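Report on the structure given below.
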Amino acid sequence: MEFIELADYPLPSGRVIEWLPTATSHWADWPRDTRAVSYNHEHHLRDAVEHSRIRDRRHYWLGHAFQIDGPLDPQAWRTALDAWIDRHEGLRSHVAIEGGQPARYTLPAGEIRVQPVDAGAPTSTMATYRLVNGLLDDGTSPLRWPSYVCVTIAGRNGVTVIFAADHSIMDGYSSVSTSGELLALYNAARAGQPAQLRDTGSYVDFSQDERIRAAATTADHPAVDTWRTFFLEDTDNDSPAGTLSRVAAAPIDLIDTAETPRRGTQRTLSVEVLDADAADAAARIAREHGQGLFALLLAAFAVTTTELGAGRDFRTVIPLHTRSDPQWAETLGWFVGLAPFQLDCGTARTLAELITPAGEELRRTNGAATVPFARVCELLGTQPSISFMVSYMDIRSAPCAATWTETGTCCLRSSNVSTNEFYFWIARTPLGVTLNMRYPGTTKATRDVHRHVLRMRDLLAELTRYGDARIRPIEGAPLSW
């Protein structure tokens, strides 16, 4: 499973249909919902309002693409989408900023129905991409409802489905489960039977519960203290107002201003670093050290940065899911908290020596993700800018994971604009482990990312083949992050 931009997905040419969720009234006339908005959603919404004010709109949508063999049954597909919207309350809710505060409006199940809209039939794949990408960008703003879009393309050998939603209502795990749920609902509708899906909770309810818990959090909470320590170590003084720019021991200028790309358009890359057998071998080695595969992969990531001159003190931020209750397991929403991670690679001579310290650090800091990061910042009086992040998801048990290859299933993300963000997403699938990334589109950043991922892949190959891998001496100039 790759996590890529739409430009990297092989779209066919053909008839494009947009399946438009339709309510009987504008969202401003919906019933007022007094349940609170999550910290993630509010921060994201306020950021979108500010960018809209200066006419600098950014896109932060997540999505999914997959293929269905044969012609699409339009009535069954409408029924599937209607049932999916009824299933997830977040798709029937909208939040706006009114009087400086978030205001939520929500419709009950059964009040929204999908209508097909013919968007045209481009004659080339490039024209199809431009049309579909425009529909996704235009239809996923958190300032509008719906902030999600479903498009089908009727090609020669079947139908390609593309779904996208603004990040405020969808996270990575939600994106991964999309095709499985939609296909289950579609096949059930065609058979005239109910879909066999587990019950799910409401992200709106989760947001309310999270806000109550966060409001009761004080500055002496362990999660806040973990971040306070990380911030203080990141700065040269005693102020917690760090920027998290120092994620390695030797900070450098992230971008050569002479080659900064127009508006900071980012490049992307997706590389398999372990095949299925090698991933199993790496997991066994991690278990022998009493740790999980993520600890091993983080150790390898950290060692690689050290080898390439970024210093012995590896520092980054890790997104962790907050689906702490079974009812949230398959709920569509943004269930993500953040935790700091730090690993001293200085005394280690082999990769295996760092697996246990990496796992211990994960366990030490993962509680920091239980308090929304925005609440932590409120309590510490700081507004850090996170420019380096490493994420991990084990998605082997996701619905339809075994058929992802034959159905051309991929997770999608919008293109991004930034001159200093380096984001890495590691995913374990039935086929192995992929490392997906986006980074500034400069010559130096591109060279550094390629150097890093190729060395990390070689390091992991040596580890899985021989049971360990020797750390090389530091070489080259420091990396860009």
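The values are calculated or read from the model by the stated rules, or taken from the named source; none is laboratory data. Everything numeric here is computed off the predicted structure, so don't read it as measured data. Quick reminder, even Gly has a Cβ in these numbers, built from the backbone with ideal geometry, and neighbours come from all protein chains shown. Side chains are part of the model used for accessible areas, which takes the heavy atoms of the whole protein and leaves out ligands, DNA and RNA. Shrake-Rupley method; radii C 1.70, N 1.55, O 1.52, S 1.80 Å.
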### Message
Looking at segment 194-210 only, could you name the residues that are surrounded by fewer than 20 Cβ atoms within 10 Å (Cβ to Cβ), in contact (Cβ under 8 Å) with a residue 12 or more places away in the chain and farther than 21 Å from A83 by Cβ?
### Response
Q208
### Message
Condition (residue is polar (S, T, N, Q), assigned to a loop (DSSP other than H, G, I, E, B) and farther than 23 Å from C345 by Cβ) applied to segment 355-372: is it met by at least one residue?
### Response
no
### Task
Would you confirm whether any residue within segment 189-203 is within 19 Å of the chain's Cα centre (by Cα) and either assigned to a loop (DSSP other than H, G, I, E, B) or not small (G, A, S) (or both)?
yes
### Query
Residues in segment 316-355 that are open to solvent by 40 Å² or more (accessible area, probe 1.4 Å) and over 23 Å from the mean Cα position of the chain (by Cα): how many?
4
### Message
It is to be established whether one or more residues within segment 396-404 are among the basic types (K, R), in a strand (DSSP E or B) and either within 19 Å of T316 (Cβ to Cβ) or open to solvent by 20 Å² or more (accessible area, probe 1.4 Å) (or both).
### Response
no
### Task
Filter segment 84-109 for residues that are within 25 Å of the chain's Cα centre (by Cα) and among the aliphatic types (A, V, I, L, M) and give the result.
I85, L91, V95, A96, I97
### Task
Say whether the condition of being at pLDDT 95 or above and within 30 Å of D73 (Cα to Cα) is met by at least one residue in segment 44-54.
no
